[in-house]
Structure formats: structure tokens, C-alpha cells
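Participant: Got a structure for you, questions after.
The values are calculated or read from the model by the stated rules, or taken from the named source; none is laboratory data. As the structure is a prediction and not an experimental result, all values here were calculated from the model. Note that we place each Cβ from the backbone using ideal geometry, even for glycine, and neighbour counts take in every protein chain shown. Heavy atoms of the whole protein, side chains included, go into the accessibility calculation; ligands, DNA and RNA do not. Shrake-Rupley method; radii C 1.70, N 1.55, O 1.52, S 1.80 Å.
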Amino acid sequence: MRSFLFVPVLEDRFIRKAPSRGADAVVLDLEASIAAERKDQARAALPGAVALLAPQMPVTVRINPLWLAAIDDLHASVIDGVSMLHLALCESAEHLRAVDAMVTELEIARGLPPGGITLIAMLESALAVSRATEIAHASPRLAGLTLGVEDYATSMGVAATPDLLRPAVQQVIQAARSANLPAYAVPASMADFRDLDGLRDAAHLARRMGSVGCYAVHPGQVAVLNEVFGTTEQERDWARRVLSGAEKARQQGLGVFQVDGQMIDQPLIDRARHMLAREKT
């Protein structure tokens with residue numbers, strides 16, 4: 001995924017427009033955008049929103065943190081048409097494993113494919129970031145990590161500035177990659193959704209650090225994320241030439257070869273293969 005677009009589940013007009021926004025997936029939000037007194041109303045509205053959107057795009061859901069609200073959210077969210085859950089304020093491997101176990105029970109009880117609903121751990125505090133590697137290895141159901149920048153900054157007692165966020169983003173990305181998982185993190189606050197140039201610069205930096213996508217809180221941010229995290233034709237051409245050169249080198253019994261004056265060995269071959277594989281998913 002290059003882009004996840006948050007949509008409050010009670011905003012019907014936003015839900016109906018979501019498929020036209022260009023995001024790779026929608027995140028129907030049961031957490032931050034829903035007032036406490038409307039949580040039950042949002043859970044009741046969720047199946048209708050899923051039924052509307054699932055035929056058109058991947059549908060995912062952000063659930064509340066532990067425990068009572070999260071359990072109610074899981075009962076509402078583990079349904080046909082939901083492919084992924086985003087775990088707000090995930091702070092430990094135990095949190096992740098507990099949610100995994102409950103999702104498994106609900107899948108079995110409801111006749112859904114076991115393991116079909118994946119999880120994204122949203123690391124949103126200093127404690128969570130310090131445990132990023134442990135969390136990344138906690139569950140086979142885990143499909144990625146992200147950094148919740150505003151909550152993380154609040155836990156650090158400061159504003160969400162690039163100086164604060166860059167090391168945390170790098171730590172989250174490295175933890176994700178240590179478990180062969182994608183990271184969806186950009187060292188920028190999404191609060192100023194009109195600052196698209198700032199988002200673009202931060203997204204380019206994140207991509208160079210190893211991030212593969214991020215979340216959008218406004219539809220205007222989606223095009224920027226898709227542009228930055230998409231694979232360019234130049235990159236695809238390089239990858240094809242690397243793989244072609246690798247096959248010729250294999251036939252000649254060579255371990256290394258050159259493309260555009262660059263020495264190519266196995267890590268670069270693996271990178272080219274991964275680049276083209278992403279385009280097919």
C-alpha cells in the first residue's frame with residue numbers, strides 16, 4: 001500500500017466519495033475521529049460502510065486501544081469485507097498477540113478464513129517506539145508498522161517537528177524490516193493537510209529511509225503519497241535490465257556484472273526483483 005485514507009465511519013458523504021479519492025485502501029475510523037458518546041453508533045454503522053466500499057477498494061478499520069472499547073470494536077469489525085485492522089496506541093507484543101487471539105476466535109465463530117484479517121501496529125508513544133522490534137516479531141498476522149506522529153510527540157513532551165520524528169521513523173522502519181514487514185511512516189505532521197510540498201519532501205525522505213507508504217487524513221494528500229511511493233518507469237526499466245543482466249551472468253557463470261556503469265551483485269538483484277514484485281501486487 002502506498003496510501004491509506006482515513007474516513008470517519010459516521011461521515012456518509014466521505015464514505016461514498018472514498019473510492020474516487022485514489023487511495024490504495026480506506027481506513028474506516030472507530031477511534032480518534034469518533035466522539036466517545038458516538039462509539040456504539042459508529043460500530044453499528046460499520047457493516048453498511050464496509051458493504052458499500054468492499055466491492056470497490058480494500059477496506060480496513062482503525063480500532064480503539066485496550067480493552068473494553070477494543071473488544072467492542074473487534075466484534076463490529078471482524079466481518080466479511082474487512083481485510084485489515086489498525087491497532088491504535090499499540091504498546092507491546094502482548095497487546096498484539098491478545099488482539100490476534102481474539103480476531104482468530106471471531107473468524108472461526110463467523111466462518112471467515114482464519115488469518116484472513118491482518119494487523120497494523122500503530123506505535124504512538126515513546127514506550128511503543130522503544131519496543132518496536134519486539135512488536136514487529138510478535139504475530140504472524142502482523143502486516144506492518146506505522147508511527148503515530150502526533151501522539152508520539154505528545155508522549156515526548158514536544159511538538160511533532162522533523163528533528164524529533166526522523167529518528168523515530170528510522171527506528172520503526174528498521175524494526176519492521178527486521179521482521180520482513182513494510183513500514184508506513186513519514187517524518188511529518190499530517191495536521192496541516194494543506195502543506196503538500198512539506199509532505200512531499202518528508203515522504204521522499206521516508207522512502208529513502210525504507211518506508212513504502214503512509215496515511216492520509218485528507219484526500220488532497222493521497223496523490224502526493226501515491227506519487228512518491230509509486231515505482232517510476234525509470235526504476236522499473238532499471239529493475240528489468242538488472243534481472244535480464246542477472247540471467248545472462250548466470251548463464252556465463254559470473255557472480256557480478258554491470259548495468260549503467262554500476263556493479264551489480266546479489267543484493268541489487270534482490271532489490272530489482274522486489275521492486276517489480278511490488279508492481280504486481
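Participant: Show the residues, 5+ positions off or on another chain, whose built amide H is closer than 5 Å to the amide H of Val259.
Facilitator: Distant-sequence amide H within range of Val259: Ile264.
Participant: Farthest toward the dipole's positive end in the chain, which of Gln266, Ala128, Ser139, given Cβ charges of +1 (Lys, Arg) and -1 (Asp, Glu) about the Cα centre?
Facilitator: Checked the options; the winner is Gln266.
Participant: How many percent of the accessible area of the chain is carbon or sulfur, using a 1.4 Å probe?
Facilitator: 53 percent
Participant: To continue, here is another question. Just to verify a number: what accessible area does Val99 come out at with the full protein assembly present, 1.4 Å probe, Å² rounded to tens?
Facilitator: Approximately 0 Å² of Val99 is accessible to the 1.4 Å probe.
Participant: OK, next. Can you find, among Leu85, Val50, Thr104, the residue farthest towards the positive end of the dipole of the stretch 25-110? Put +1 on the C-beta of Lys and Arg, -1 on that of Asp and Glu.
Facilitator: Val50
Participant: Still on this model: Amide H of Cys214: which non-local residues (sequence gap of 5 or more, or other chain) have their own amide H closer than 5 Å, using H built in the peptide plane?
Facilitator: Those qualifying (amide H under 5 Å, at least 5 residues apart or on another chain) are Ser3, Phe4.
Participant: In addition: Report, as a whole number in µm² per second, the diffusion coefficient that Stokes-Einstein gives for the chain at 4 °C and 1.567 mPa s using the Kirkwood radius over alpha carbon pairs.
Facilitator: In µm²/s, the coefficient is 65.
Participant: Taking the Cα centre as origin and putting +1 on Lys and Arg beta-carbons and -1 on Asp and Glu beta-carbons, what dipole magnitude results for the chain, to the nearest 20 debye?
Facilitator: About 840 debye.
Participant: So what are the ³J(HN,Hα) numbers for the stretch 122-137, from phi and the Karplus equation (6.51, -1.76, 1.60; θ = phi - 60°), rounded to whole Hz, Gly and Pro as x?
Facilitator: 9, 8, 10, 8, 4, 4, 4, 5, 5, 9, 4, 5, 4, 5, 4, 9
Participant: Here's something else I'd like to know. Let's see if you can work this out: charge +1 on each Lys and Arg Cβ, -1 on each Asp and Glu Cβ, no other charges. What is the dipole magnitude of the stretch 71-124 about its Cα centre, in debye to the nearest 20?
Facilitator: 160 debye
Participant: Taking amide H positions as placed in the peptide plane 1.01 Å from N, state which residues far from Met84 in sequence (5 or more) or on other chains have amide H under 5 Å from it.
Facilitator: Amide H neighbours of Met84: Val61, Thr118.
Participant: If you plug each phi of the stretch 45-55 into the Karplus form 6.51 cos²θ - 1.76 cosθ + 1.60 with θ = phi - 60°, what whole-Hz ³J(HN,Hα) values come out, in order, with x for Gly and Pro?
Facilitator: Karplus values, whole Hz, x for Gly and Pro: 7, 4, x, x, 5, 5, 4, 6, 8, 4, x.
Participant: Mind checking the dipole of the stretch 131-281: about its Cα centre, +1 per Lys or Arg Cβ, -1 per Asp or Glu Cβ, Debye to the nearest 20?
Facilitator: That gives a dipole near 600 debye.
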